[in-house]
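Scroll down for the structure; my scribbles are underneath it.
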Amino acid sequence: MAVGFGKVILLGEHAVVHGRPALAAALQRGAEARTVAAEGPELEVATWELLLRAHGERDPGPHAMLQSAFEALLEAYEPPPALRVQVELSLPGGAGLGGSAALSVAVVRALDAALGLTRSDDEVAEMAQRAERVFHGNPSGIDAAMAAHGGVCRFERATGVRTVRPARPLPLVVGYSGEQGSTKQTVASVARQFEREPERVGEIFDAITAVVQNGQRAIEEGELDRLGQLMILNQKLLSSLLLSTPRLEEMCQAACEAGAYGAKLTGGGGGGCMIALCEGPEVSAKVAAAIEAQGREAFITEAGA
Ligand code: MEV
């Protein structure tokens, strides 16, 4: 089975689009894909009961973009493979957990396996980035890189991914606000703010960079309380870029009151998911329960699949 990992951004989303570093961790959840023979390239997403044909009739619904993204991936395959890629997703879409990148990486790996092609993780991520551009406009590449590499990483547009080694596990609770965020829209909104107020927004990016650098040391030194404080700080900086929502704020507050070291939105924002860093299983269970008590979904995980 070919796999693509979902991810959470621990620190640094949005600033990473503008060339700053960010820290991310792969999730145990993501996408799995395999192929069966077909007349031409087809994509089946069982989770959404969806079957698309490349270059076939345009999907009239919300999956038109997926069809174009699939076609972008296929540009690297000549002749077009007579294969149906069957994908199963274990992540909600539009939740900021890298679902589209996980899907693209799983599709590339499944096609490569069937065609006897070998590619490095970096090359797979580069392929997935073609589809990410269709979905997200101007993505930094962090989602595609994490979907291919896994683990805990620092990412920068200029240098790509570097593995970060946590001194101890990073127990996380992921809470889903139920509000669909559009990364394409929030990335465009931050770009507009940066254009209008380069100094103010540039200072926010500088502050986020400092948070990321400090956060990397906290991870490498196993200081979860410090990392939690930095997450709280990062959340404030993201809020000042109008990326949070009242619901995400409530969820972060509930998580901290239930004992999390820190909490923040993760990914594109404007809805989607938040993460809370916990000491271990007991705190994680309390934090997840506090989020669920607000009528939201939560799952417990450990960063760095
Ligand atoms: C999305 O997971 C993270 C953003 O920084 C966008 C990107 O880096 O492409 C919001």
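Structure notes:
- For the range 178-197, a residue qualifies if it is in contact (Cβ under 8 Å) with a residue 24 or more places away in the chain and either touching a Cys at 6+ places or on another chain (Cβ under 6 Å) or more than 15 Å from the ligand (Cβ to nearest atom) (or both), and the qualifying residues are 178, 179.
- The residues listed here are 204, 232; of these, the one that is touching a Ser or Thr at 6+ places or on another chain (Cβ under 7 Å) and either without any contact (Cβ under 8 Å) to a residue 40 or more places away in the chain or surrounded by fewer than 22 Cβ atoms within 10 Å (Cβ to Cβ) (or both) is 204.
- Residue match in the range 134-143 (condition: under 20 Å from residue 302 (Cα atoms) and open to solvent by 10 Å² or more (accessible area, probe 1.4 Å)): yes
- Output for the range 123-147, where each listed residue is small (Gly, Ala, Ser) and either assigned to a helix (DSSP H, G or I) or within 11 Å of residue 187 (Cβ to Cβ) (or both): 125, 128, 131, 137, 140, 144, 145, 147
- Figure legend. Inter-residue proximity from the range 71-82: first residues in contact (Cβ under 8 Å) with a residue 60 or more places away in the chain, second residues surrounded by 17 or more Cβ atoms within 10 Å (Cβ to Cβ), beta-carbon distance below 7 Å, spacing 6+ or different chains. Indicated pairs: 72/130; 72/131; 72/134.
- Residue list for the range 187-201, filter: under 27 Å from residue 132 (Cα atoms) and surrounded by 12 or more Cβ atoms within 10 Å (Cβ to Cβ): 187, 188, 189, 190, 191, 193, 194, 201
- Listed conditions (1) open to solvent by 40 Å² or more (accessible area, probe 1.4 Å); (2) in contact (Cβ under 8 Å) with a residue 40 or more places away in the chain are all met by residue 224, apart from (1).
The values are calculated or read from the model by the stated rules, or taken from the named source; none is laboratory data. This structure is a prediction, so every number in the text was calculated from the model and none was measured. Positions of Cβ are generated from backbone atoms using ideal geometry, with glycine treated the same way; all protein chains shown enter the neighbour counts. We work out accessible area using only protein heavy atoms, side chains counted, and drop any ligands, DNA or RNA first. Shrake-Rupley method; radii C 1.70, N 1.55, O 1.52, S 1.80 Å.
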